[in-house]
1. So which of A113, A167 is open to solvent by less than 10 Å² (accessible area, probe 1.4 Å), part of a helix (DSSP H, G or I) and within 24 Å of S65 (Cα to Cα)?
2. If you scan region 150-164, which residues turn out to be of a type outside the set (D, E) and either in a loop (DSSP other than H, G, I, E, B) or touching a helix residue (DSSP H, G or I) at 6+ places or on another chain (Cβ under 6 Å) (or both)?
3. State all residues of region 170-198 that are in a helix (DSSP H, G or I), within 18 Å of I136 (Cα to Cα) and open to solvent by 40 Å² or more (accessible area, probe 1.4 Å); if no residue qualifies, say none.
4. From G77, G51, grab the single residue that is assigned to a loop (DSSP other than H, G, I, E, B), under 23 Å from V207 (Cα atoms), of a type outside the set (A, V, I, L, M, F, W, C) and out of contact with any helix residue (DSSP H, G or I) (no Cβ under 7 Å at 6 or more places or on another chain).
5. Take region 116-149 and flag every residue that is surrounded by 16 or more Cβ atoms within 10 Å (Cβ to Cβ), assigned to a helix (DSSP H, G or I) and either of a type in the set (A, V, I, L, M, F, W, C) or in contact with a strand residue (DSSP E or B) (Cβ under 6 Å, 6 or more places away or on another chain) (or both).
6. Collect the residues in region 29-58 that are touching a residue at least 24 places away in the same chain (Cβ under 8 Å) and either within 13 Å of the chain's Cα centre (by Cα) or within 23 Å of R174 (Cβ to Cβ) (or both), keeping them in residue-number order.
7. Read through the list (1) at pLDDT below 95; (2) open to solvent by 10 Å² or more (accessible area, probe 1.4 Å), then give the number of the only condition that T85 fails.
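The values are calculated or read from the model by the stated rules, or taken from the named source; none is laboratory data. Since this is a predicted model, take the numbers as computed values, not measurements. We place every Cβ from the backbone using ideal geometry, glycine too, and count neighbours over all the protein chains shown. Ligands, DNA and RNA are excluded from the accessible area calculation, which covers all protein heavy atoms including side chains. Shrake-Rupley method; radii C 1.70, N 1.55, O 1.52, S 1.80 Å.
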Amino acid sequence: MGLLLYDNSTSSNALKVRFLLAELGLEYDRRAVPFDQPRPDWYLAVNPVGGIPTLDDDGFVVSESNTILRYLAAREGRDDLYPATLHARARVDTMLDRWSLTFRPAFFRHEAAALGFVPGRGMGAGDPDLEAASRIEDEIAPTLRTLDAIVDSAGYEVGVFTLADVAAGPVLFRTTKTRLDLTPYPNVLRWRETVIARPAFAAAGPVL
């Protein structure tokens, strides 16, 4: 059976998994999941929570995008992406959690306004509110300054390419669509350009 990714082309969480699959050079099949909610019964039978994406590895089902990243890196023995040593792994885990809990929500606020997010329907389902996006850009500036102070100046979050960069790549790419100005945050800007320039990111098929 191999790898089957339950996917949606506009999902940033699905894109991060495709990004890693491309980095790992793994072949996989894709099955599209509608973004609209409620999700279809056939998908809820695979993932009762309904989140996108879900990975089926020859009958073993893995859900939650960051868990899928960790699973795939461990499956392939890629200690460079997800270190085996305790301290190095803790650094990557810290940034994965910080991204999900603190920084990703700030970017999402701007995306939602700039790209017309509608709950239950996704990005682009409504009209962009550029006035709100401009206001939110100012409101999230303190969070982005904190992120800029944390990101390594080498162009990767912890100085070398890891799962932390894979997780953030789709959202950094999305700022090219929302036109969020990253010039006040040089480390974040360098990070974005370094990560999205990777051949595997293009191979993952970024859309939004």
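1. Details: A113 fails: open to solvent by less than 10 Å² (accessible area, probe 1.4 Å).
Of A113, A167, the one residue that is open to solvent by less than 10 Å² (accessible area, probe 1.4 Å), part of a helix (DSSP H, G or I) and within 24 Å of S65 (Cα to Cα) is A167.
2. Taking region 150-164 as the starting set, the residues that turn out to be of a type outside the set (D, E) are 150-151, 153-156, 158-164.
Passing the criteria: V151, S153, A154, G155, Y156, V158, G159, V160, F161, T162, L163, A164.
3. Those that are in a helix (DSSP H, G or I), within 18 Å of I136 (Cα to Cα) and open to solvent by 40 Å² or more (accessible area, probe 1.4 Å): T176, K177.
4. Working: G77 fails: under 23 Å from V207 (Cα atoms).
Unique residue meeting the criteria: G51.
5. A133, I136, L144, L147
6. Matches in region 29-58: R30, A32, V33, P34, F35, D36, Q37, G51, I52, P53, T54, L55.
7. (1)
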